[in-house]
């Protein structure tokens, strides 16, 4: 999920935020981070059954398998070892 220009959930983006704010752009929202975290969790949960089949592999091998199956990341990209580790961490598998 992309928030308004100048915001990045959980991190300061004052370098863009200040300029956008001066232009009158509404930054963020009361539930911006919560919505993003809920979507990330829902995406991770949708992959739990797939991960259960291949969790005996290394993170690199899991990434390769997800890519081979044509499963994209939440942002539509290819899986990397680090992305798999974040997924495993989010699902509290280990």
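The values are calculated or read from the model by the stated rules, or taken from the named source; none is laboratory data. None of the values given here were measured: they were computed from a predicted structure. For neighbour counting, all protein chains shown are included, and Cβ atoms are generated from backbone atoms with ideal geometry for every residue, glycine included.
Does residue 36 count as within 13 Å of the chain's Cα centre (by Cα), assigned by TED's automatic domain parsing to the domain that holds residue 81, under 21 Å from residue 86 (Cα atoms) and modelled with pLDDT of 90 or more? So residue 36 fails the test. I'd like the full set of residues that are outside any helix (DSSP H, G or I) and closer than 18 Å to residue 56 by Cβ, limited to region 78-94. Correct list: 79, 91, 92, 93, 94. Here residue 44 passes the criteria (1) touching a helix residue (DSSP H, G or I) at 6+ places or on another chain (Cβ under 9 Å); (2) free of Cβ contacts under 8 Å to residues at least 24 places away in the same chain except the one numbered (2). Scanning region 59-77 for residues that are without any contact (Cβ under 8 Å) to a residue 12 or more places away in the chain and assigned to a loop (DSSP other than H, G, I, E, B) gives 70, 72, 73, 75, 76, 77.
Scanning region 27-49 for residues that are surrounded by fewer than 14 Cβ atoms within 10 Å (Cβ to Cβ) and not in a helix (DSSP H, G or I) yields 29, 30, 31.
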